[in-house]
Each structure stands twice: as C-alpha cells, then as structure tokens.
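The values are calculated or read from the model by the stated rules, or taken from the named source; none is laboratory data. Predicted model, so just to flag it, every value in this text is computed and none were measured. Areas reflect the complete protein model, heavy atoms only, side chains present, ligands, DNA and RNA absent. Shrake-Rupley method; radii C 1.70, N 1.55, O 1.52, S 1.80 Å.
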Amino acid sequence: MTTTKTKLPKWFDGELYTKGDTVKNPFSGEICELNAEELSMYDFIMGAQFVIDLSVDKDNYLDNKFSKLQDDMRKALDWFRTNNPKAYMILLD
C-alpha cells in the first residue's frame, strides 16, 4: 500500500478516508493499492462519473447544474494523474 500522504486540494469536498485500500479495474482486472487520500479522490471521481452519466438526457445534453461537478471531476482526474500516474493509467485511463 502506498504510504506517502498526499494532501488533497482545497476544492475537494468528498469524503476523506482514514485508510487506503485495494481497487480493481472492473474491465482489466488489474489492481492498485491506494492510500487514504488517493482512495478518497478515486471514489469522488467514480461517484461524479456515475451522477453525470445518470444526468445526461436522451439528447446527450448535461444540465448546466452539473457543470461544477464536471469541472471538479476534471480537476480530480488531473490531481490523480499527477499524484499517482501508475494507478491513474490502471484505474482511470
């Protein structure tokens, strides 16, 4: 498990876990060990993607009320890419 603590950005308003865990890519089956901060960000990304996917209407148009969530998800992906590029490539790319 990754032991280095990486500070989460100020804009992050997701749940902050106290322990890391193993995460499995559902498509490739590859696994990664994430520290608490990485797991917190990963779950935020996955939750944001879920909400965004549910919010797209039949014409593939996302309501403007979700634009902040989209922006935060992009920032979260950038954060993850910078802080753990290997896990990013395995889990989110």
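Remarks
Residue-wise test of (1) under 18 Å from Leu16 (Cα atoms); (2) at pLDDT 95 or above; (3) of a type in the set (Gly, Ala, Ser).
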| site | (1), (2), (3) |
| --- | --- |
| Met46 | yes, yes, no |
| Ile52 | no, no, no |
| Phe66 | no, no, no |
| Met89 | no, yes, no |
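- Any hit, region 1-13, residues being modelled with pLDDT under 95, open to solvent by less than 70 Å² (accessible area, probe 1.4 Å) and more than 16 Å from Leu77 (Cα to Cα): yes
- Filtering region 19-51 to residues that are open to solvent by 60 Å² or more (accessible area, probe 1.4 Å) and of a type in the set (Gly, Ala, Ser) leaves only Ser28.
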